[in-house]
1. Of everything in region 36-73 that's charged (D, E, K, R) and over 30 Å from LYS134 (Cβ atoms), which residue is surrounded by the most Cβ atoms within 10 Å (Cβ to Cβ)?
2. Select from region 38-87 the residues that are assigned to a loop (DSSP other than H, G, I, E, B) and hydrophobic (A, V, I, L, M, F, W, C) and list them in ascending order.
3. Which residue out of GLU44, GLU55 is charged (D, E, K, R), at pLDDT 95 or above and out of contact with any helix residue (DSSP H, G or I) (no Cβ under 6 Å at 6 or more places or on another chain)?
4. Report, ordered by the first and then the second residue, all pairs with beta carbons closer than 9 Å, sequence separation of six or more or different chains, a first member in region 74-88 that is touching a residue at least 24 places away in the same chain (Cβ under 8 Å) and open to solvent by 10 Å² or more (accessible area, probe 1.4 Å), and a second member that is among the small types (Gly, Ala, Ser) and part of a loop (DSSP other than H, G, I, E, B).
5. Select from region 92-111 the residues that are of a type outside the set (Ser, Thr, Tyr), more than 21 Å from LEU28 (Cβ to Cβ) and either open to solvent by less than 60 Å² (accessible area, probe 1.4 Å) or at pLDDT 95 or above (or both) and list them in ascending order.
6. Give, as residue ranges, the strands (runs of 3 or more DSSP E) completely inside region 124-181 that count at least 1 residues that are under 25 Å from LEU33 (Cβ atoms), at pLDDT below 95 and out of contact with any Gly (no Cβ under 6 Å at 6 or more places or on another chain).
Amino acid sequence: MRNNLRLKLLAIAAIALGLGLSARAGDLTAYQLIKEGNRYVGEEAKDQVVQIRSEKSIGTMTPTIWYVVYYDPDASFKATEVKFGAGKKMDVKRPFRVLEMASADKKLDRKKMNVDSDKALSIATADPLLQNLKLKASQMWLDRSEDGPVWRVRLWAAKLKNPNDDANIGEVFVSADDGKVTRRDLHIDRVD
């Protein structure tokens, strides 16, 4: 009887631990996905990130579909892309990127990557122009600029006349180095 009870308690603990881990996996930030993506690329491509981007979020402000693009000297077009959904690997490709062939000099400077995706999103959504809007979705890119990596955060807000519809209200650019807003291109009039 005691062994049965112990086995049941062990099973419950294992299930609870598994649920906790799967919930955490869905909350992985972009920088955590770089480490996860390293498992699916060759040795020379590990940590050699040229771009991180997401798809538009659905039902939440935080995107769940992310792409991490690595500089890969062994790939035809010098790039390997790992796609994640809710923190889990969905696909690994060597994309056809003729116009934007990855090169070693286009890698993101890891020393200047101090602000992760979750923090960049909270900085962008805290913009005073957005305070009276109901934000519904976001899409993010981490790209290289002259001053280092910059998060480009595109935002959608509920329309005033039909709150079930959303409108693209523009973008906020956040430095990945120090978290300062470097530029805003917001059009809040689009919610009318």
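1. In the first step, residues of region 36-73 are kept if they are charged (D, E, K, R); the result is 36, 39, 43-44, 46-47, 53, 55-56, 72.
Keeping just the survivors that are over 30 Å from LYS134 (Cβ atoms) gives 36, 39, 43-44, 46-47, 72.
On the way: GLU36: 18, ARG39: 10, GLU43: 7, GLU44: 11, LYS46: 16, ASP47: 14, ASP72: 21.
My answer is ASP72.
2. The initial filter retains those residues of region 38-87 that are assigned to a loop (DSSP other than H, G, I, E, B), namely 41-42, 46-48, 55-64, 72-78, 86-87.
Hits for region 38-87 are VAL41, ILE58, MET61, ALA75, PHE77, ALA86.
3. Numbers: GLU44 fails: at pLDDT 95 or above.
Just a single option satisfies the conditions, and that option is GLU55.
4. ASP74/GLY42; PHE77/ALA102; LYS78/ALA102; LYS78/SER103
5. Residues of region 92-111 that are of a type outside the set (Ser, Thr, Tyr), as a first pass: 92-102, 104-111.
After this cut, where a residue has to be more than 21 Å from LEU28 (Cβ to Cβ) as well, the list is 94-102, 104-107, 109, 111.
If the condition is that a residue be of a type outside the set (Ser, Thr, Tyr), more than 21 Å from LEU28 (Cβ to Cβ) and either open to solvent by less than 60 Å² (accessible area, probe 1.4 Å) or at pLDDT 95 or above (or both), then PRO95, ARG97, ALA102, ALA104 are the ones that fit.
6. Values: elements: 135-145, 148-158, 166-175.
Where strands (runs of 3 or more DSSP E) fall fully within region 124-181 and carry at least 1 residues being under 25 Å from LEU33 (Cβ atoms), at pLDDT below 95 and out of contact with any Gly (no Cβ under 6 Å at 6 or more places or on another chain), they are 135-145, 148-158.
The values are calculated or read from the model by the stated rules, or taken from the named source; none is laboratory data. Quick caveat: nothing in here was measured; it's all calculated off a predicted structure. Positions of Cβ are backbone-derived with ideal geometry, glycine not excepted, and every protein chain shown enters the neighbour counts. The protein model used for the area step is the full one, side chains on, heavy atoms only, and it has no ligands, DNA or RNA in it. Shrake-Rupley method; radii C 1.70, N 1.55, O 1.52, S 1.80 Å.
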